[in-house]
Amino acid sequence: MQQFFAGAGQISGGRVRLEGPDVNHIRNVLRMKPGEDVRISDGAGKTYLCCISAYEGDAAELDILKELERDAELSSKIWLFQGLPKGDKMDLIVQKAVELGAYGIVPFAAARSVVKLDEKKAKKKRERWQAIAKSAAEQSGRSIIPEVGRVQSFPEALREAAGLDVVLIPYEMAEDMGETARIIESIRPGQSVGVFIGPEGGFEESEIARAGEAGARAVTLGGRILRTETAGLAALAILMYHLESRSHSLEVREV
């Protein structure tokens, strides 16, 4: 079933009023007619089953049938701190990170980042990435739209991650898979997690040292060298599996 997001001001009195590009997509691309059902999320954790009642100009009116009990969000908030990659790789990274449950994505410029964005270009890129995040959240049934933060320097990104419970930095020189497994297994549902991924060429040793001083823990993703657009997604997939399997185990024990 198709899902869309509506702001709090668009949901009132058991009805939803959608406006903007989503209406064009529903009516002209999906060709949905009054009487058909869609899911609407308020972006703050609540998702509703709705029925299209009518189209009014560039708006769509929907009736809320019921609130859905959905558990699409991970038990921990995970931020992906991504070193700026070349080309349009960031588009893919944002899309797949949202699908894998990332709570937020923070792009940053590392020492080996080839891409250099001025303020104007960074703003335009961020708008594009945020639109991709919204589309991916709708497609994957998320109940929130993860935020893509502003492009930062590496030191700024480390400072932003300072308040998180656990910060991981996959590094090709890290070799102790047993220690990595212990670190992952120690993450408890409800803890906040940050994952730092370097750009093409990886991190410089000085950056790894600086991250360690800030509390980040170097981990390995295995014996293969992963591309920047692969490494973050691999880390997120590992964390998603760990958190969801652990949450399921807790539910079973409670029953």
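Summary of values
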item: Local electrostatic count, Gly202, Cβ distance below 12 Å [Lys/Arg +1, Asp/Glu -1]; result: -3
item: Three-way shape call for the stretch 152-200 based on the alpha-carbon gyration tensor, with the a/c threshold at 1.5; result: oblate
item: Three-way shape call for the stretch 93-136 based on the alpha-carbon gyration tensor, with the a/c threshold at 1.5; result: oblate
item: The stretch 6-110 - Rg over Rh from alpha carbon coordinates, Kirkwood radius; result: 1.07
item: 11 Å beta-carbon shell around Glu67, net charge (K/R +1, D/E -1); result: +2
item: Gyration tensor verdict on the stretch 66-210 (Cα atoms; rounded if a/c is under 1.5, prolate if a/b is larger than b/c, oblate otherwise); result: oblate
item: At most 12 other Cβ within 10 Å, DSSP loop - GluC sites (Glu not before Pro), the stretch 16-99; result: Glu69
item: Rh by Kirkwood over Cα pairs, then Stokes-Einstein D for the chain at 0.692 mPa s and 37 °C, µm²/s; result: 167
item: Net charge dipole size for the chain [Lys, Arg +1 and Asp, Glu -1 on Cβ; Debye, nearest 20]; result: 540
item: Cα→Cβ-extended label distance, 7 Å offset, between Tyr241 and Arg227, nm; result: 2.1
item: Label-point separation in nm, Ser192 to Ala111, each point 7 Å along Cα→Cβ; result: 2.8
item: Environment charge of Leu236, counting only residues whose C-beta is closer than 13 Å and scoring Lys/Arg +1, Asp/Glu -1; result: -1
item: For the stretch 45-105 and the stretch 161-209, distance of Cα centres in Å; result: 26
item: Computed [θ] at 222 nm, deg cm²/dmol, the chain (DSSP H ≥ 4; -39,500 (n - 2.57); rounded to nearest 500); result: -11500 deg cm²/dmol
item: Directionally averaged projected area (convex hull, Cα atoms, the stretch 154-255), nm²; result: 6.7
item: Ranked by how many other beta carbons lie within 10 Å on average, peptides 137-143, 41-47, 105-111 from highest; result: 105-111, 137-143, 41-47
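Bear in mind these aren't lab numbers, they're just calculated from the coordinates by the rules spelled out. Bear in mind the structure is a predicted one, so any value in this text is a computation, not a measurement. Heads up, the Cβs are rebuilt from the backbone with ideal geometry, glycines too, and the neighbour counts pull from every protein chain shown.
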